[in-house]
Amino acid sequence: MQTASSDDKREYSLRRSGRPFTKDFRVFFERTHDKVPVSPFHDISLYHDKENGVLNMVVEIPRWSNAKFEISRNESLNPIHQDTLDSRPRFVKSTFPYKGYIWNYGALPQTWEDPHRTHPDTHARGDDDPLDACEIGRAIARTGAVKRVKPLGVLGLLDEGETDWKVLVIDVEDPLADKVHDVHDVETHFPGLLDATRDWFRVYKIPDGGKGNDFAFGGEWKGKGYAEKVIGECEDAWKKLIKGEAKKGEISLDNTTLKGTPGKLDPEKVHLPKDEHMSPAPVDEDLDEWFYVDRDAVDAEEEPLEGSDLRIVLELG
């Protein structure tokens with residue numbers, strides 16, 4: 001198996017197929033310099049500069065937006081698509097005091113949270129996805145952007161009983177990147193963001209009738225060293241996956257750059273759809289609505305309200 005060298009420019013172009021905010025929408029990736037189609041899960045390297053700890057991050061959801069875009073695990077070359085809820089394109093509701101996602105949200109390529117392994121620290125299995133990353137820089141990214149980032153810390157979310165790490169990162173080009181190196185620096189230069197991030201992940205499913213999420217380590221943020229350990233574990237798990245040494249389930253291993261792997265495709269035989277740039281479809285819900293959640297009730301593990309008329313104010317007591 002071969003991966004791109006660390007001096008690769010990491011420049012990718014996008015092809016958008018279908019209408020945004022529909023189940024048909026896809027974002028495909030190709031290398032800019034030679035137009036070779038690539039998988040954002042498998043072909044884009046985890047490290048831009050391993051010696052200096054600089055990672056690549058694939059942005060799925062821009063900050064302040066609500067559409068739940070994500071890398072499709074089971075489609076060939078893993079394009080980005082919009083997740084669904086009740087067979088409809090999914091939009092994560094804004095829970096007071098937040099508007100949509102509060103960071104640029106995405107994935108670390110060439111990582112995998114192994115659902116067949118129980119993590120010794122969280123006592124839960126992986127969620128079968130690439131590692132999630134929350135990028136805290138000032139610039140709002142676009143879906144499909146590949147950012148060069150450095151890790152700062154990690155939060156151990158337990159989502160429906162599965163380990164779902166959230167790696168906190170910052171774009172290395174951000175003006176504050178030289179001042180933040182670990183979670184304690186985040187608290188200094190981004191006061192309140194660590195607590196807000198934990199709170200966001202605790203309550204974001206409640207407006208759709210879900211329960212509050214739990215955390216490993218009592219919700220404590222782990223620092224850069226532990227984050228790098230988690231990243232290494234998930235990189236090792238991905239290496240086994242891509243080589244066919246782990247149960248892949250429904251995951252597509254198709255790639256165009258990793259010689260000797262069972263999913264290697266001939267790039268000359270891969271034909272991506274043309275780039276359509278269609279206007280977004282109308283959304284039949286108000287994405288500017290705010291939903292209010294009683295945090296004390298969540299802490300008391302009370303059941304959220306059920307039904308289709310959860311609107312604006314949620315009373316959990």
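Residues of region 61-94 being under 27 Å from D254 (Cβ atoms) and of a type in the set (K, R), which ones? Talk me through it step by step, then tell me what you get.
Filtering region 61-94 for residues under 27 Å from D254 (Cβ atoms) gives 61-62, 67-85, 87, 89-90.
K68, R73, R90, listed by residue number.
Examine region 108-118 for a residue that is without any contact (Cβ under 8 Å) to a residue 24 or more places away in the chain and out of contact with any Asp or Glu (no Cβ under 7 Å at 6 or more places or on another chain), and state whether such a residue exists. Before the answer, list the steps.
Step one: of region 108-118, the residues without any contact (Cβ under 8 Å) to a residue 24 or more places away in the chain are 118.
Keeping just the survivors that are out of contact with any Asp or Glu (no Cβ under 7 Å at 6 or more places or on another chain) gives 118.
Yes - at least one qualifying residue is present in region 108-118.
Name every residue in region 240-256 that is in contact (Cβ under 8 Å) with a residue 24 or more places away in the chain and either in contact with a helix residue (DSSP H, G or I) (Cβ under 9 Å, 6 or more places away or on another chain) or crowded, with 19+ Cβ neighbours inside 10 Å (or both), in order of residue number.
L241, I242, A246, K247, I251, L253, D254, N255, T256
Results for (1) closer than 19 Å to H42 by Cβ; (2) at pLDDT 95 or above; (3) hydrophobic (A, V, I, L, M, F, W, C); (4) out of contact with any helix residue (DSSP H, G or I) (no Cβ under 8 Å at 6 or more places or on another chain), shown as yes or no for each residue.
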site	(1), (2), (3), (4)
R117	no, yes, no, no
A124	no, yes, yes, no
D132	yes, yes, no, yes
K147	yes, yes, no, yes
G153	no, yes, no, no
G156	no, yes, no, no
A177	no, yes, yes, yes
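Need the failing condition index for L310 against (1) within 30 Å of D24 (Cα to Cα); (2) at pLDDT 95 or above; (3) not acidic (D, E), just the number.
(2)
What tally of residues in region 252-286 results from selecting those that are of a type outside the set (D, E) and over 29 Å from D128 (Cα atoms)? I'd like the intermediate steps shown before the answer.
So the first thing to find is which residues in region 252-286 are of a type outside the set (D, E), and the list is 252-253, 255-265, 267, 269-274, 277-283.
Those left that are additionally over 29 Å from D128 (Cα atoms): 274, 277-283.
Qualifying residue count for the region: 8.
Just checking, how many residues over region 228-255 are in contact with a Phe, Trp or Tyr (Cβ under 8 Å, 6 or more places away or on another chain) and closer than 19 Å to H123 by Cβ?
Residues in region 228-255 being in contact with a Phe, Trp or Tyr (Cβ under 8 Å, 6 or more places away or on another chain) and closer than 19 Å to H123 by Cβ: 3 in total.
Taking region 257-274 as the search range and keeping residues that are touching an Asp or Glu at 6+ places or on another chain (Cβ under 6 Å) and not small (G, A, S), which one is surrounded by the fewest Cβ atoms within 10 Å (Cβ to Cβ)? Steps first, answer last, please.
So in region 257-274, the residues touching an Asp or Glu at 6+ places or on another chain (Cβ under 6 Å) come out as 257, 263, 265.
Retained after the next criterion (residues that are not small (G, A, S)): 257, 265.
Working: T257: 21, L265: 18.
By that ranking, first place goes to L265.
For region 94-192, which fully contained strands (runs of 3 or more DSSP E) count at least 3 residues that are surrounded by fewer than 21 Cβ atoms within 10 Å (Cβ to Cβ)?
On the way: elements: 104-108, 131-135, 146-159, 162-171.
By residue number, 146-159.
What number of residues in region 152-193 are polar (S, T, N, Q) and within 17 Å of G106 (Cα to Cα)? Before the answer, list the steps.
To start, the set of residues in region 152-193 that are polar (S, T, N, Q) comprises 163, 188.
Applying the additional criterion that residues be within 17 Å of G106 (Cα to Cα) yields 163.
Number satisfying all stated conditions: 1.
Does region 244-251 contain any residue that is outside any helix (DSSP H, G or I), under 24 Å from L131 (Cβ atoms) and more than 23 Å from the chain's Cα centre (by Cα)? Steps first, answer last, please.
Here is the first cut: in region 244-251, the residues outside any helix (DSSP H, G or I) are 244-251.
Keeping just the survivors that are under 24 Å from L131 (Cβ atoms) gives 244-251.
Going one step further and asking which of them are more than 23 Å from the chain's Cα centre (by Cα), we end up with 244-245.
Looking through region 244-251, at least one residue is outside any helix (DSSP H, G or I), under 24 Å from L131 (Cβ atoms) and more than 23 Å from the chain's Cα centre (by Cα).
Out of region 207-224, which residues are in contact (Cβ under 8 Å) with a residue 40 or more places away in the chain, assigned to a helix (DSSP H, G or I) and within 30 Å of H116 (Cβ to Cβ)?
Listed by number, the residues that qualify are D208, A216, F217, G219, K224.
The values are calculated or read from the model by the stated rules, or taken from the named source; none is laboratory data. Keep in mind that what you see is a predicted model, and the values were worked out from it rather than measured. Glycine gets a Cβ as well: all are built from the backbone with ideal geometry, and neighbour counts include every protein chain shown.
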